[in-house]
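J.: Pasting a structure here, questions to come.
The values are calculated or read from the model by the stated rules, or taken from the named source; none is laboratory data. All values reported here derive from a predicted model rather than from experimental measurement. FYI the Cβ positions are ideal-geometry reconstructions off the backbone, even for glycines, and counts take in every protein chain you see.
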Amino acid sequence: MIAQDSALLVGIFKKNGLVVGGGIYRFAADRNTNTWTRFCYPTQMHQAVVSDTMMFGVASSNVENTGMENGSWIQFDSISLKSGNQLLPPIPNYSFENWDVRTVSYPNDFDSSLKWDINSTPLSVEKVNDATDGNYAVKLNTVVNQEQDTIVGAITNGIIDDWPFSGGLALSQIPDAISWDYKVHYAGHADFDPNVQFIFKLNGQEIGYFGRSYQSDVNVYQHENIPINLTNVPDTLQFNAFSGNFPGNWLMIDNIVIDYPAGITDNLNIQQMLAYPVPAKDILHLKITAKQPELVLISLFDINGRKVWTNRYDLQEGKNLIGINISQLPPGTYLYRLKAESGIVHKKFVKL
């Protein structure tokens, strides 16, 4: 045990849901030892009381109050119950010989409820191959685990251990818009419903909130697009998504895109992107000049932000000419967007 820290051993005995014995036992820092020592604690139960349930647990630090210390540890083994001098039937896996290997796929660059949930089926956060961009999307599930606790599927680009969540993506410009693709299953309402949040902050203070809440089933991916209107330039963008508090709810999300005005990104590989003719009728031609080769995703969106066409292209260094057949699109105003690892360019065009 480090400094004034203490480990906790919990042995609680119940009958018909009521505590009838046991308690919390502490190992203080002055009991530090590198050798195995056998401990025995009285349950303080009356001889006439026969419990029907026993809960056992150990914590390596003082989780009841402040003062938990990094580096404290405790090892324990061979748990038994005695009545007088007689050993009672052993606790299952009392000597920790049996172990299951449990693994989860954790999304890079995101924090999620998976750190609280490894026992539920399904998990509260899943990698699924039903995607709109690339090979995978994320699915958030509201689940009830083996301990009958409701776990809300949650994901953030911040720090999930803090509430409200802290951290996020560093920004130096105001985006034009934020868009994403989603599906949702709405099993019911509890305290809050499946929702997506984009919170803009400046010096730790919220200066803008944009998001959507969902209260009906969407079985086919829909594209969501939110224009961003801010007075001040934020320094942080925090993305949060939740499956809601009702067990059975789920929310799938993919292809989260932050749109900036063309050319605003400092490290953008695209030097120039021109569309012609303007307006266009059958073929929209794009002339793209790139500093170096790069795989890009080019998409078309209607005025309501719905994706109407998309394709991938391998750009070469220098000038690239791409033709897009738009003859089947209804007349109107559209957005063409180029998404690359180095940034995003988007502009409007008119279809005759």
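J.: Does at least one position in the stretch 239-260 carry a residue that is loosely packed, with under 15 Cβ neighbours inside 10 Å, small (Gly, Ala, Ser) and in the same structural domain as residue 143 (by TED's automatic domain parsing)?
T.: yes
J.: For residues in the stretch 12-69 being without any contact (Cβ under 8 Å) to a residue 40 or more places away in the chain, small (Gly, Ala, Ser) and in a strand (DSSP E or B), which is farthest from residue 86 (Cα to Cα)?
T.: 28
Residue-wise test of (1) modelled with pLDDT under 90; (2) assigned to a loop (DSSP other than H, G, I, E, B); (3) out of contact with any Lys or Arg (no Cβ under 7 Å at 6 or more places or on another chain).
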| residue | (1), (2), (3) |
| --- | --- |
| 292 | yes, yes, yes |
| 313 | no, no, yes |
| 327 | no, yes, yes |
| 333 | yes, no, no |
| 338 | yes, no, yes |
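J.: Hey, any hits in the stretch 225-235 for a residue that's in a loop (DSSP other than H, G, I, E, B), of a type outside the set (D, E, K, R), touching a residue at least 60 places away in the same chain (Cβ under 8 Å) and within 16 Å of residue 315 (Cβ to Cβ)?
T.: The answer is no; no qualifying residue exists.
J.: Name the single residue that is surrounded by the fewest Cβ atoms within 10 Å (Cβ to Cβ) among those in the stretch 269-303 being out of contact with any Phe, Trp or Tyr (no Cβ under 7 Å at 6 or more places or on another chain) and among the hydroxyl-bearing types (Ser, Thr, Tyr).
T.: Step by step, filter the stretch 269-303, then rank; the result is 276.
J.: Further question: Consider residue 96 carefully, then state whether it is at positive phi and assigned to a loop (DSSP other than H, G, I, E, B).
T.: yes
J.: A further question on this structure: Of the numbered conditions (1) polar (S, T, N, Q); (2) without any contact (Cβ under 8 Å) to a residue 12 or more places away in the chain; (3) on the phi > 0 side of the Ramachandran plot, residue 205 satisfies every one except a single condition; which is it?
T.: Just one mismatch for residue 205, condition (3).
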